[in-house]
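Only one structure is covered here, and it is reproduced in the block below.
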Amino acid sequence: MGDDHVTAGRPLRVVFVDANPALAAVADELLRAPGLDVAINRDPDVRPAALPGLLDGADVAIVDHTSLPTAIARQCRELRHIVFLGTGVRSYMTPEELRAIGVSTHTIKGYGDTAVAECAVALMFAAARGIAFMDRAMRAGQWIRTDGIQLSGRTLGLVGFGSIAAEVARIADGIGMNVVAWNRSPKTHARVTFVSLEQLLADSDVLSLHLLLTDETRGFLSRDHIAAMRDGAILVNTARGGLVDEPALIEALASGRLRHAGLDVYAIEPLPAGHPLTTLLNVTLSAHSAFRTPEANRNLIVAAREHCARIVEQARRR
């Protein structure tokens, strides 16, 4: 049946499958538009096997972080559209396979550029000053001072240069850092010097990753690239864990060749208990939360509503 029911007078059935409390509150307020019948599942911990039941009769699924294997999507008979709340859809589903069975995927760009950039800079500062280490020590009754490094005058290397990296560059320039970048296609930007990847790895005191995860970029920061980084460098990753050779990173941190890593994303999420990254004192961890601010949440839901409204309008024109 697909979208044809819209032209027959029945509203588009939309199910938000995995709304956390913050997103659910915003969706209650904003996820309404003519021609939409919206249901919000307020349990954010949804297993893929539960999706056919949740999406029974749904034409559109709004997905925040739940995996949707193609085999599961085949069981969702009415499903024709997936609105993914972000850009990293390939971490959760395979758009080409879904398209082959008649399901279109829609992503949302730019909703949290400032939020993610601020998180990257926060991790950079935390890594440079050992804040998380001192916090843990003080909670355990120990007064341990760490020698930090001053970031002003240091070189920040941005791997990939989209809108989030541009925001990081703006903030870093404001605190007096020298900003260099490498991008897979040529770019220019005020106060950013574009260099070869080899030069960036060798010269950067802080390396921040800003690539999309694709088949081409998976494992991009390889063992060889980590070995080419400056001794004592800091790595920040708010992009995707799959960009990094995680065992090689762990070795470089454990040996002390890299000073610190500030990580918001991981090869496996949630990060398993006892994972080697949790045992290293020179790692600061956050739970894939760089984009989670009230401002970004509102941007996400407004963009999702606009996607749904376009689907309704396109169906009506058929």
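The values are calculated or read from the model by the stated rules, or taken from the named source; none is laboratory data. All figures in this text were calculated on a predicted structure; none of them were measured in a lab. As a convention, Cβ positions derive from the backbone with ideal geometry for all residues, glycine included, and neighbour counts pool all protein chains shown.
General remarks:
- Considering segment 79-115, the residues that are closer than 21 Å to Ala22 by Cα and part of a strand (DSSP E or B) include one that is nearest to the chain's Cα centre (by Cα), namely Phe84.
Here is a yes/no grid of residues against (1) part of a strand (DSSP E or B); (2) free of Cβ contacts under 8 Å to residues at least 24 places away in the same chain:
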{"position": "Arg13", "(1), (2)": "yes, no"}
{"position": "Ala19", "(1), (2)": "no, no"}
{"position": "Leu23", "(1), (2)": "no, no"}
{"position": "Arg32", "(1), (2)": "no, no"}
{"position": "Asp45", "(1), (2)": "no, no"}
{"position": "Ala49", "(1), (2)": "no, yes"}
{"position": "Arg77", "(1), (2)": "no, yes"}
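- Of all residues in segment 220-245, those being within 21 Å of the chain's Cα centre (by Cα), assigned to a loop (DSSP other than H, G, I, E, B) and either buried (at least 16 other Cβ atoms within 10 Å of the Cβ) or free of Cβ contacts under 8 Å to residues at least 12 places away in the same chain (or both) number 5.
- Scoring Glu118 on the criteria (1) over 19 Å from Leu212 (Cα atoms); (2) among the charged types (D, E, K, R); (3) part of a helix (DSSP H, G or I) leaves a single failure, condition (1).
- Only one of the listed residues (Ala304, Ala248, Ala287, Ala261) is in a loop (DSSP other than H, G, I, E, B) and either touching a Lys or Arg at 6+ places or on another chain (Cβ under 8 Å) or of a type in the set (A, V, I, L, M) (or both). That residue is Ala287.
- Applying a threshold of 8 Å to beta carbon distances and a minimum spacing of six or more residues, or different chains, the list of pairs starting in segment 151-169 at a residue that is within 11 Å of Ser204 (Cα to Cα) and ending at one that is charged (D, E, K, R) reads Arg154/Asp205; Thr155/Asp203; Thr155/Asp205; Leu156/Asp205; Gly157/Asp203.
- Restricting segment 33-62 to residues that are among the acidic types (Asp, Glu) and at pLDDT below 95, the residue that is farthest from Pro270 (Cα to Cα): Asp43
- In segment 135-175, the residues that are loosely packed, with under 15 Cβ neighbours inside 10 Å, assigned to a helix (DSSP H, G or I) and aliphatic (A, V, I, L, M): Met138
- Some residue of segment 269-279 being part of a helix (DSSP H, G or I), in contact (Cβ under 8 Å) with a residue 24 or more places away in the chain and either surrounded by 21 or more Cβ atoms within 10 Å (Cβ to Cβ) or out of contact with any Cys (no Cβ under 6 Å at 6 or more places or on another chain) (or both): yes
- Within segment 59-78, restricting attention to residues that are of a type in the set (S, T, N, Q) and within 15 Å of the chain's Cα centre (by Cα), the residue that is nearest to Arg292 (Cα to Cα) is Thr66.
- Number of the condition not met by Asp264 [criteria: (1) free of Cβ contacts under 8 Å to residues at least 24 places away in the same chain; (2) of a type in the set (Asp, Glu); (3) assigned by TED's automatic domain parsing to the domain that holds Met134]: (1)
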